[in-house]
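Colleague: Structure below; questions to follow.
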Amino acid sequence: MSRLGGCGNGLAWTAAAVALGCGTGCRSRDASVELISYQDPYFPDQRRIVFDRCVYRVDGSGNRHIAAQALVVPADVAGGPVTHYLHVQMFWQPVPGRTFADSSGTDAVIRYVIVTPEGTAGYAGTGFVYAPRKSGQELDAKVESATLRLESQTSEAGGVLGDVSLHGELEARRDAAATVDLVRELELHARAR
């Protein structure tokens, strides 16, 4: 049984995805997304992933990069854990009342990578993310809508999610070094084919 294709038509989804709070730098704020897989368009599969780590940085161009990681230990599949990575690059920030802000628009590039002992599947797409400008060390971002498609996979992984929509809330703390490290991990896994 593939680690990506556990419960019927999706990843090895379990309650651990919701409840797990371990990992380095245990989560102190809520960061989670709802993934809806349309592999079977008649019966979409919806799962919630709670991230253990969620950090962000602002690059020299003013783009915000949010990176998150979740370590999920499936109860129904023997073997190692499943790691989920998320990278959101916000390249434009709407200002309600001054610029057009609509959840059907696009202001972010999103990558999502799932790593299992058997293989890796990487998804990429675009979406609308709203994060009010705040000073300080924390950022509350809302992924209002995003659509992702399979971008890369290892032969063992299989593209079991099909097209995916994603939405959720990411409460991130500012940490440029940790953000760069998580994005680098995501990229390394996404390229491993």
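Colleague: Return yes when residue 162 is modelled with pLDDT under 85 and touching a strand residue (DSSP E or B) at 6+ places or on another chain (Cβ under 9 Å) and no when it is not.
Modeller: In short, yes.
Colleague: At pLDDT 75 or above, out of contact with any Asp or Glu (no Cβ under 8 Å at 6 or more places or on another chain) and among the hydrophobic types (A, V, I, L, M, F, W, C): which single residue out of 128, 100, 91, 51 fits that description?
Modeller: Going through 128, 100, 91, 51 in turn, the sole match is 51.
Colleague: Out of segment 104-129, which residues are assigned to a loop (DSSP other than H, G, I, E, B) and in contact (Cβ under 8 Å) with a residue 60 or more places away in the chain?
Modeller: If the condition is that a residue be assigned to a loop (DSSP other than H, G, I, E, B) and in contact (Cβ under 8 Å) with a residue 60 or more places away in the chain, then 116, 117, 118, 119 are the ones that fit.
Colleague: Within segment 55-91, how many residues turn out to be part of a strand (DSSP E or B) and more than 17 Å from residue 108 (Cα to Cα)?
Modeller: Matching residues across segment 55-91 total 7.
Colleague: If you don't mind, there's one more thing I want to ask. Which of the residues belonging to segment 169-179 are in a strand (DSSP E or B) and more than 14 Å from residue 87 (Cβ to Cβ)?
Modeller: 169, 171, 173, 174
The values are calculated or read from the model by the stated rules, or taken from the named source; none is laboratory data. It should be emphasised that the depicted structure is a prediction, and the values quoted were computed from it without experimental measurement. As a convention, Cβ positions derive from the backbone with ideal geometry for all residues, glycine included, and neighbour counts pool all protein chains shown.
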